[in-house]
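The next block holds one structure in the form of structure tokens; read it before the comments.
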There are 2 protein chains.
Amino acid sequence: MDGLSIGQVAERTGLSVHALRFYEREGLLADAVRRESNGRRVYTEDDVDWLNMCIKFRSSGMPLDTIRKYTELVRKGAGNEADRLALLKSHQDYVRAQIEELNECLNVITWKVDIYQQHVDAGTADCLWVAPSTQTASEAS
Amino acid sequence: MDGLSIGQVAERTGLSVHALRFYEREGLLADAVRRESNGRRVYTEDDVDWLNMCIKFRSSGMPLDTIRKYTELVRKGAGNEADRLALLKSHQDYVRAQIEELNECLNVITWKVDIYQQHVDAGTADCLWVAPSTQTASEAS
DNA sequence: GTAGGAGCTAGACCGCGCTCTAGGTCAAGT
DNA sequence: ACTTGACCTAGAGCGCGGTCTAGCTCCTAC
């Protein structure tokens, strides 16, 4: 019962089987994947946990290259925890910066949405405010 | 004094001159850029405002293709404000979703950082918790 | 008059992160 | 026997968002 096929792992993680093989080739797996006698991959639950971690890294913008570096540290075993910590902290900062940036963008977008909403609601959509020269602050089209 | 060269716009927006020409080719500029008699581009402050808006769109993950669609709506002039509003709202949702996702990632990363921090602080970095089989919840390396 | 620097166009190229293809093995079902 | 389907490897291809090159025209300063 223990031991998952690549298809099962794909289903569980949301990664494609292609992506799973690709990640393995790229050295993103902490433990070498076991194989059945016929060469098929056998994944453990730990592999799935690790992949889910990688997915969190990826979807927060960590490049594959950095994930690989982290993976290598882990593979080397105990003794480099400070390095891992540094890498993680640096990514943490990066994610925070991203969130901040996105919030700024969201403010601008929301400001624009509100303006459009007002005009659409008021049925004044066809007024002159669209033309740059008549605007007060900026090209707000 | 009014009228900016491509280099000045690059400096002001942070985009490269290459990127500015590329954006223009891709149809991301609301107004056609004026040219001097010798063919050089002359940008207005409104162009810069528009570009800064595009930059906000881009850095919040809007694809160039969508920016182009928005630009086309604006170029068509008054009458399609509801369409523009829909596009903006949809992007607004997308940005909110991104922020949420990043916050989730940040939680996971922070959890990991804290664990490492504790162990590094305690000087117990070399203990067994690194090995998957000894862990309680997941492969937390 | 000539060297530098900024600009122009058209189009090739690049890095990233997958994704897909070709050509094959293997095991189970009918 | 044969089809189906999941898996394998090696390697090509792709979409996106730029970036860079080649070869040119200007203008300015020396």
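Bear in mind that the values in this text are calculations on the coordinates, not laboratory data. Not measured: the values here are computed from a predicted model. All Cβ positions, glycine included, derive from the backbone under ideal geometry; neighbour counts span all protein chains shown.
Across chain A, how many lysine pairs, 8 or more positions apart or on different chains, have C-alpha atoms separated by under 26 Å? Please give the number. All intermediate terms of the calculation are to be shown ahead of the outcome.
Details: A:Lys56/A:Lys69; A:Lys56/A:Lys76; A:Lys56/A:Lys89; A:Lys69/A:Lys89; A:Lys76/A:Lys89.
The number of close lysine pairs in chain A is 5.
With R₀ fixed at 22 Å, the C-beta to C-beta distance from B:Asn107 to B:Ile55 puts the FRET efficiency at about 0.15. One chain, two ends: A:Ser16 and A:Glu36. Fully extended at 0.36 nm per residue, the span grows by 5.2 nm beyond their Cα-Cα distance. Along chain A, counting only GluC sites (Glu not before Pro) with a DSSP assignment other than H, G, I, E or B and at most 14 other Cβ atoms inside a 10 Å radius, the longest segment between sites is A:37-141.
Remark on B:Val42: its backbone amide H falls under 5 Å from those of B:Arg34, B:Arg35, B:Glu36, a criterion applied only to residues 5 or more positions apart or on other chains, H modelled at 1.01 Å from N.
At a Förster radius of 22 Å, what calculated FRET efficiency corresponds to the Cβ-Cβ distance of A:Ile115 and B:Glu26, to the nearest 0.05? Rounded to the nearest 0.05, the efficiency is 0.30. Chain A has one residue whose beta-carbon comes closest to the axis relating it to chain B; that residue and its distance in whole Å are A:Ile99, 3.
D for the protein assembly as shown, whole µm²/s, Stokes-Einstein with Kirkwood Rh over alpha-carbon pairs at 25 °C and 0.890 mPa s: what number? Could the numbers behind the result be given before it?
Working: Rh = 22.5 Å.
Taking Rh from Cα pairs, D becomes 109 µm²/s.
Karplus-derived 3J(HN,Hα) values for segment B:37-54, using 6.51 cos²θ - 1.76 cosθ + 1.60 with θ = phi - 60°, are 4, 7, x, 6, 6, 10, 9, 9, 5, 5, 4, 5, 4, 4, 4, 5, 5, 4 Hz; glycine and proline are entered as x.
Tell me, what is the percent relative contact order of chain B, built from C-alpha pairs under 8 Å that lie six or more residues apart?
Numbers: 85 pairs, mean separation 23.4, N = 141.
Over chain B, the number comes to 17 percent.
On the principal axes of its alpha carbon atoms, segment A:1-101 extends 47, 32, 22 Å, with the longest extent given first.
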